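Only one structure is covered here, and it is reproduced in the block below.
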Amino acid sequence: MSFRKALLGVGCAIGTLCALQLPFRQYPGVEYRDFELTPDWGEKTEWAFARLMYPPGWNDGYRPRFQGDWHKGLSLWTQDYPRADRHFSQAVRRLTRIHVRSVEQPVNLEDGDDVYNWPWLYAVQVGEWGPTDGQAKILRDYLLRGGFFMADDFHGTTEWEVFQESMHRVFPDRPIVDIDDKDSIFHTVYDLDDRLQVPGQAHLPRGYKNNGIGAHWRAILDDKGRIMVAASYNSDLGDAWEWADDPEYPANFANFAIRVGVNYVVYAMTH
């Protein structure tokens, strides 16, 4: 089912910024407290980078440095925000024909019907998050209506178990599977036959080996085989977006991470 058809019941077509959407808002992040707005931030466009706001989990690595109200920023969900969001939005503008907004949209699942206005939803550090049962139910409905969720930047056994448990509450009846190399999500704009394991920028000086070992590209599918959830496990694509304009950041990581994201956006817009 296309997202356009799925959203007819809530009165908004795919990706179109309309009256039902909440206005743009910007929060202080764990890395950036004050980020200058782009000149065209208020432009009405076809697509915007929607970043999921969520409560932290029991293993939140930012506690006790940041332990205030997650609704107000300065929380786990703001990792790389908003620099990664805006760099990636610029890339989608340049590399596709999609009309893209230059600024992101933080999305709270509990803000009424707002989430249904955003066909592509991204969350970072989903191995340390703590969505409630109510939020899991809303996310399930969003995905079954045709939404797409990209889960990024989680690593190791514990974080995988946290993510897996959360997604089991979203979809107790659907397994998490490895994405087939031939799946169209790897071939919408770019052919991603060779996939890299992308480290966080902070780990680059530690002699990180880019051999792909340990990186997994996993998904949850709907009844027709459409990818609803795409998880980049043991990789940090958002960090590569964040540092994509840094001349000292490895270009192969930045280019690959952008290409994955572009493929995911186009997939979400066309499936």
Exercise. Report the trypsin sites (Lys or Arg not before Pro) located in segment 93-159 that are in a DSSP loop and have at most 14 other Cβ atoms inside 10 Å of their Cβ, or state none.
Key: Arg97
Self-check item: Ratio of Rg to Rh over segment 119-227 (Cα coordinates, Kirkwood Rh, two decimals)
Solution: 0.97
Self-check item: Binned Cα-Cα distance frequencies in segment 3-270 - 5 Å width, integer %
Solution: 1, 6, 13, 18, 21, 19, 13, 6, 1, 0, 0
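Quick one: of the DSSP bridges fully inside segment 3-270, what percent are antiparallel, nearest 5?
Details: 9 of 26 bridges.
The antiparallel proportion sits near 35 percent.
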Quiz item: In segment 3-270, with Lys and Arg counted as +1 and Asp and Glu as -1 at Cβ, which of these residues, Leu74, Asn234, Phe148, has the Cα nearest the positive end of the dipole, that is, farthest along it?
Solution: Phe148
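FYI, it's all coordinate maths here, none of it is from the lab. What you see is a predicted model, and the numbers here were worked out from it, not measured in a lab. Because the Cβ atoms are built from the backbone with ideal geometry, glycine has one as well, and the counts that use them run over all protein chains shown.
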